[in-house]
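Down below is the structure, laid out as structure tokens.
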Number of protein chains: 2
Amino acid sequence: MSHDMSSAPTPPPRLARQLAFILELEQLKQVLRRSRLIGTDRRENSAEHSWHVAMLALVLAEYSAEPIDIGRVLELLLVHDIVEIDAGDTPVYDTAARANQATREQRAADRLFALLPDDQAATCRGMWDEFEEQATAEARFAKAVDRLMPVLQNYHNRGVTWHELGATLEHVLSVNRGPISAAAPAIWVYVEALLEDANARGYMA
Amino acid sequence: MSHDMSSAPTPPPRLARQLAFILELEQLKQVLRRSRLIGTDRRENSAEHSWHVAMLALVLAEYSAEPIDIGRVLELLLVHDIVEIDAGDTPVYDTAARANQATREQRAADRLFALLPDDQAATCRGMWDEFEEQATAEARFAKAVDRLMPVLQNYHNRGVTWHELGATLEHVLSVNRGPISAAAPAIWVYVEALLEDANARGYMA
């Protein structure tokens with residue numbers, strides 16, 4: 001902010017750190033993904049995407065292959081893209097960018113979660129680590145819905161992003177099969193048919 | 001979608017309804033609020049706002065005046081603006097628009113949640129009703145954070161939306177005091193000081 005905040009009211013120190021984090025989160029609305037909103041040319045941002053995949057989890061929880069705590073799934077999805085404020089979005093079909101993604105995102109997590117009071121920094125970092133490590137049923141289901149939404153968007157946008165990134169059916173299947181088929185097998189049956197149909201329609205490279 | 005979907009793969013009927021709802025949710029990303037993203041002229045959309053207030057709830061839960069189930073608060077906040085797909089956003093300072101807001105939103109809820117399978121339509125409608133009725137601690141805390149975020153945005157944007165809507169300090173205090181002071185009194189102490197400072201800086205009408 002360029003205007004003089006020197007006389008602005010000062011919250012208690014703990015609340016001040018929480019508000020600093022909350023204000024920083026505003027930046028996630030400016031991080032653009034490769035996906036376009038269905039029926040438009042506008043690129044989706046990571047904040048609205050995070051909301052949408054949380055809704056997917058709420059609606060599709062019954063398809064989880066394992067019992068899940070849906071509240072925990074929601075937490076993981078709400079925080080899973082916050083690191084993109086510093087690291088940017090890394091498309092799953094961009095092999096070059098994915099090579100140093102982990103390093104960039106670890107550095108981002110170190111800075112961003114540390115804005116919070118220490119106890120909450122650890123809690124939120126734990127949510128992000130859990131999503132990344134994929135060691136819990138909640139993290140696996142969260143990743144499945146995170147992969148599902150771009151497939152639906154791309155299909156209904158005639159594969160515009162798949163073409164841009166040169167993604168073939170083989171590549172799209174390999175990126176999505178693992179996360180979706182294990183965590184939500186009944187959804188994978190449909191997604192696999194959708195991807196094959198997309199390829200037959202010329203939506204892929 | 002204008003292209004021929006006649007040969008598209010058909011999911012099982014229950015999944016088909018769930019996916020129809022999920023695809024409809026894409027529209028919430030096109031519903032514009034009056035708030036601008038901090039430091040920009042871009043109006044915020046209701047999907048990214050929904051994500052942000054869910055994060056506020058996660059970070060600020062300790063300030064709730066009453067014990068709350070944070071998972072339930074997240075659910076209420078994720079669904080609380082879905083009706084705006086049909087009803088549009090209604091600024092809290094727009095008295096004329098607020099007169100028929102309830103009717104417009106009830107009609108929207110009737111259509112939108114009915115896209116889901118009946119059991120889930122009832123569950124999600126119950127979440128929206130709970131937020132609207134303000135009869136639970138979770139609904140009250142959800143509303144408090146929903147009110148807090150636009151205050152922060154407006155303050156850091158030098159009151160651009162307050163000016164546009166002709167909102168005075170008295171009006172802004174009256175809109176926010178009830179929801180925030182009861183559900184999160186320690187946060188209200190700071191917000192009240194912030195609003196008075198905003199007025200002193202000329203950020204209000």
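Considering every residue within region A:58-66, establish whether at least one is open to solvent by less than 30 Å² (accessible area, probe 1.4 Å), within 16 Å of the chain's Cα centre (by Cα) and either in contact (Cβ under 8 Å) with a residue 24 or more places away in the chain or within 8 Å of chain B (Cβ to nearest Cβ) (or both).
Among the residues of region A:58-66, at least one is open to solvent by less than 30 Å² (accessible area, probe 1.4 Å), within 16 Å of the chain's Cα centre (by Cα) and either in contact (Cβ under 8 Å) with a residue 24 or more places away in the chain or within 8 Å of chain B (Cβ to nearest Cβ) (or both), which makes the answer yes.
Could you please find all residues in region A:33-45 being surrounded by 24 or more Cβ atoms within 10 Å (Cβ to Cβ) and more than 8 Å from chain B (Cβ to nearest Cβ)? Full working, then the answer.
If we filter region A:33-45 for residues that are surrounded by 24 or more Cβ atoms within 10 Å (Cβ to Cβ), which is where we start, we get A:44-45.
Result: no residue meets the conditions.
Does region B:92-113 hold any residues that are among the acidic types (Asp, Glu) and without any contact (Cβ under 8 Å) to a residue 12 or more places away in the chain, and which are they?
The one that is among the acidic types (Asp, Glu) and without any contact (Cβ under 8 Å) to a residue 12 or more places away in the chain: B:Asp110.
May I ask you to list pairs of residues, at least six apart or on different chains, whose Cβ atoms are under 8 Å apart, with the first in region B:8-19 being farther than 20 Å from A:Ala200 by Cβ and more than 9 Å from chain A (Cβ to nearest Cβ) and the second being in a loop (DSSP other than H, G, I, E, B) and of a type in the set (A, V, I, L, M)?
Hits for this filter: B:Arg17/B:Leu115; B:Arg17/B:Leu116.
Hey, can you tell me all the residues within region B:156-179 that are open to solvent by 10 Å² or more (accessible area, probe 1.4 Å) and either without any contact (Cβ under 8 Å) to a residue 12 or more places away in the chain or not in a helix (DSSP H, G or I) (or both)?
Passing the criteria: B:Asn157, B:Arg158, B:Leu165, B:Gly166, B:Thr168, B:Glu170, B:Ser174, B:Gly178.
Within region A:87-100, does at least one residue satisfy the condition of being farther than 27 Å from A:Leu195 by Cβ and either surrounded by 15 or more Cβ atoms within 10 Å (Cβ to Cβ) or modelled with pLDDT of 95 or more (or both)?
As a first pass, look at region A:87-100 and keep what is farther than 27 Å from A:Leu195 by Cβ: A:87, A:100.
Filter again for either surrounded by 15 or more Cβ atoms within 10 Å (Cβ to Cβ) or modelled with pLDDT of 95 or more (or both), leaving A:87.
Yes: one or more hits.
Exactly one condition in (1) of a type in the set (S, T, N, Q); (2) touching a helix residue (DSSP H, G or I) at 6+ places or on another chain (Cβ under 8 Å); (3) farther than 24 Å from B:Leu77 by Cβ is false for A:Ser64; which is it?
Evaluating A:Ser64 over (1) of a type in the set (S, T, N, Q); (2) touching a helix residue (DSSP H, G or I) at 6+ places or on another chain (Cβ under 8 Å); (3) farther than 24 Å from B:Leu77 by Cβ leaves (3) as the failure.
With B:Gln134, B:Gln153 as the choices, which residue is modelled with pLDDT of 95 or more, within 18 Å of the chain's Cα centre (by Cα) and surrounded by fewer than 17 Cβ atoms within 10 Å (Cβ to Cβ)? So that I can check it myself, show each step before the final result.
Numbers: B:Gln153 fails: surrounded by fewer than 17 Cβ atoms within 10 Å (Cβ to Cβ).
Sole residue among the options that is modelled with pLDDT of 95 or more, within 18 Å of the chain's Cα centre (by Cα) and surrounded by fewer than 17 Cβ atoms within 10 Å (Cβ to Cβ): B:Gln134.
Conditions tested, residue by residue: (1) open to solvent by 30 Å² or more (accessible area, probe 1.4 Å); (2) more than 29 Å from B:Gln27 (Cβ to Cβ); (3) in a loop (DSSP other than H, G, I, E, B).
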| site | (1), (2), (3) |
| --- | --- |
| A:Ala109 | no, yes, no |
| A:Leu112 | no, yes, no |
| A:Leu115 | yes, yes, yes |
| A:Gln120 | no, yes, no |
| A:Arg125 | yes, yes, no |
| A:Ala142 | no, no, no |
| A:Met149 | no, no, no |
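Any chance region A:127-137 includes a residue that's among the small types (Gly, Ala, Ser) and part of a helix (DSSP H, G or I)? Steps first, answer last, please.
From region A:127-137, those among the small types (Gly, Ala, Ser) are A:135, A:137; that's our starting set.
Those left that are additionally part of a helix (DSSP H, G or I): A:137.
Within region A:127-137 (the criterion being among the small types (Gly, Ala, Ser) and part of a helix (DSSP H, G or I)), the answer is yes, since at least one residue qualifies.
The values are calculated or read from the model by the stated rules, or taken from the named source; none is laboratory data. Quick caveat: nothing in here was measured; it's all calculated off a predicted structure. We place every Cβ from the backbone using ideal geometry, glycine too, and count neighbours over all the protein chains shown. SASA here: full protein model, heavy atoms, side chains in, ligands and nucleic acids out. Shrake-Rupley method; radii C 1.70, N 1.55, O 1.52, S 1.80 Å.
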